[in-house]
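Only one structure is covered here, and it is reproduced in the block below.
The values are calculated or read from the model by the stated rules, or taken from the named source; none is laboratory data. If you're wondering where the values come from, they're calculated on a predicted model, not measured in any experiment. Here Cβ is always computed from backbone atoms with ideal geometry, including for glycine, and neighbour counts include all displayed protein chains. Accessible surface areas use protein heavy atoms only, side chains included; no ligands, DNA or RNA. Shrake-Rupley method; radii C 1.70, N 1.55, O 1.52, S 1.80 Å.
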Amino acid sequence: MINVLINGICGKMGNKVAKLVLREKDMNLIGGLDSHPNSTSSSPIFFNSDSVIEIPNVIIDFSTPKSTISLLPYCISHHIPIVIATTGFTQEQQNEILDASVQIPIFQSSNMSYQITLVSQIIAELSQKLPKADIEIVETHHNQKKDSPSGTALLLANSINANGSYLYEFNRTQKQEKRNPKEIGFSSIRGGNIVGEHSVFFFSSNETLEIKHTAHSRTVFAEGAIKAAKFLTKQKIGYYTMKDLM
């Protein structure tokens with residue numbers, strides 16, 4: 001039996017993960033951490049890791065960058081693997097995650113969808129076959145999302161930019177110059193209750209190719225996180241991503 005602790009259990013994603021974990025025959029939800037507990041979860045909720053009585057076998061993290069980073073020392077001291085699905089980390093925070101992965105197993109992905117991983121592989125190949133195309137990424141999310149561009153948009157861009165040959169353009173409003181042919185442009189839309197839409201455009205002189213992914217439910221991300229948690233409990237110390245899970 002895999003004992004699971006959810007960081008950010010009172011959030012939309014944390015609550016969704018909790019409900020799915022309860023259905024898993026080989027998993028046991030021992031509770032969750034949240035700085036703003038509410039009544040949406042029927043599981044034990046703890047304000048901080050010091051109040052957790054039972055040590056989990058794995059932690060699933062859908063919280064905030066600050067909360068994730070503050071939890072790493074607890075994971076390291078108790079040798080607990082952690083699945084990080086939170087986005088919006090600074091480079092300094094990301095470095096802390098990588099440093100922690102030399103002491104515990106860490107699985108990190110900005111998007112837990114299997115299909116998004118496929119999209120990232122497809123567009124990486126397309127970028128090589130269309131080296132002269134102008135690449136733009138457009139992402140749309142609900143009006144409660146704080147980070148922009150989305151972690152998934154950056155994940156997609158990074159899959160194209162594996163060799164570091166592209167520049168990222170996040171804001172053209174202050175620029176008075178032509179588009180750099182080696183840039184990837186980002187556009188973010190926030191509104192309503194959109195779970196997540198991502199489009200990658202390859203613009204050529206006479207045609208346009210669009211690769212689009214739409215998430216219709218948060219369930220797909222929760223299911224991916226649970227699969228990652230089961231995978232991670234069997235792994236040695238190290239840093240893992242969706243590519244390893246596939």
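Taking the Cα-to-Cβ direction at Thr219 and at Lys145 and moving 7 Å from each Cα, how far apart do the two end points lie in nm?
2.1 nm
With the chain treated as a Gaussian network of Cα nodes joined by springs under 10 Å, which of Ser101, Ser150, Ser77 yields the largest mean-square fluctuation?
Ser77
Please give the direction-averaged projected area of the C-alpha convex hull for region 78-192, in square nanometres with one decimal. Display every interim value, and only then the final one.
Numbers: hull surface 36.8 nm².
The orientation-averaged projected area of the Cα hull of region 78-192 comes to 9.2 nm².
Per residue, how large is the accessible surface of the chain? Use a 1.4 angstrom probe and give square angstrom.
52 Å²
Taking 2.2 N^0.38 Å as the expected size of a compact globular protein, what ratio does the Cα radius of gyration of the chain give against it, to two decimals?
Dividing the Cα Rg of the chain by 2.2 N^0.38 Å gives 1.06.
Near the amide H of Met27, under 5 Å away, which other amide H atoms are found, from residues 5 or more places off or on another chain, if H is placed in the peptide plane?
Ile2
Amide H neighbours of Leu33 under 5 Å, counting only residues 5+ apart in sequence or on other chains, H built in-plane at 1.01 Å?
Amide H to amide H, under 5 Å and 5 or more residues apart or across chains, Leu33 pairs with Ile6, Asn7, Gly8, Ile9, Phe46.
Please report the antiparallel percentage of the DSSP beta bridges confined to the chain, to the nearest 5.
Numbers: 15 of 46 bridges.
Beta bridges within the chain, antiparallel portion: roughly 35 percent.
If one takes the longest principal axis of the Cα atoms in the chain, at what angle in degrees, from 0 to 90 and to the nearest 10, does the Cα axis of helix 12-21 lie?
60 degrees
Among the aspartates and glutamates, which have Cα under 17 Å from the Cα of Lys175 when same-chain residues fewer than 8 positions away are ignored?
Straight-line reach from Lys175, under 17 Å: Glu136, Glu183.
Between Ile53 and Leu209, what length in nm is gained on full extension when 0.36 nm per residue of separation is reduced by their alpha carbon distance?
The span from Ile53 to Leu209 would gain 50.9 nm if fully extended.
What is the percent carbon and sulfur in the accessible area of the chain, measuring with a 1.4 Å probe over the protein chains and ignoring ligands?
51 percent
Compute the acute angle (0 to 90°) between the alpha-carbon long axis of helix 151-160 and the principal axis of greatest extent of the alpha-carbon atoms of the chain; round to the nearest 10°.
It is inclined by approximately 50 degrees.
Roughly what percent of Cα-Cα pairs across region 69-117 reach past 18 Å? Walk me through the numbers on the way to the answer.
Numbers: 338 of 1176 pairs.
Considering region 69-117, 29 percent of its Cα-Cα pairs are separated by more than 18 Å.
As I understand it, the value is the acute angle between the Cα axis of helix 65-78 and the longest principal axis of the Cα atoms of the chain; what does it come to in degrees, rounded to 10?
Roughly 50 degrees, rounded to the nearest 10.
Mind ranking Lys129, Lys16 by accessible surface for me, highest first, 1.4 Å probe?
My answer, sorted largest first, is Lys129, Lys16.
Which of these, Ile189, Ile116, Ile226, has the largest mean-square fluctuation under a Gaussian network model of the chain (Cα springs below 10 Å)?
Taking springs between Cα atoms under 10 Å, the residue moving most is Ile189.
Can you compute 3J(HN,Hα) from phi for each residue in region 191-208, using the Karplus curve 6.51 cos²θ - 1.76 cosθ + 1.60 with θ = phi - 60°, rounded to whole Hz and x for Gly and Pro?
Computed from phi, the couplings for region 191-208 are x, x, 10, 5, 5, x, 10, 9, 10, 10, 9, 10, 9, 10, 4, 10, 7, 10 Hz.
Of the cross-linked pairs Lys16/Lys146; Lys129/Lys236; Lys25/Lys243; Lys19/Lys243; Lys12/Lys66, which ones have a Cα-Cα span greater than 28 Å in the structure shown?
Among Lys16/Lys146; Lys129/Lys236; Lys25/Lys243; Lys19/Lys243; Lys12/Lys66, the Cα-Cα distance tops 28 Å for Lys129/Lys236.
Who wins for biggest fluctuation among Ile160, Ile53, Ile82 in a Gaussian network model of the chain, springs between alpha carbons below 10 Å?
Result for the chain, Cα springs under 10 Å: Ile53 fluctuates most.
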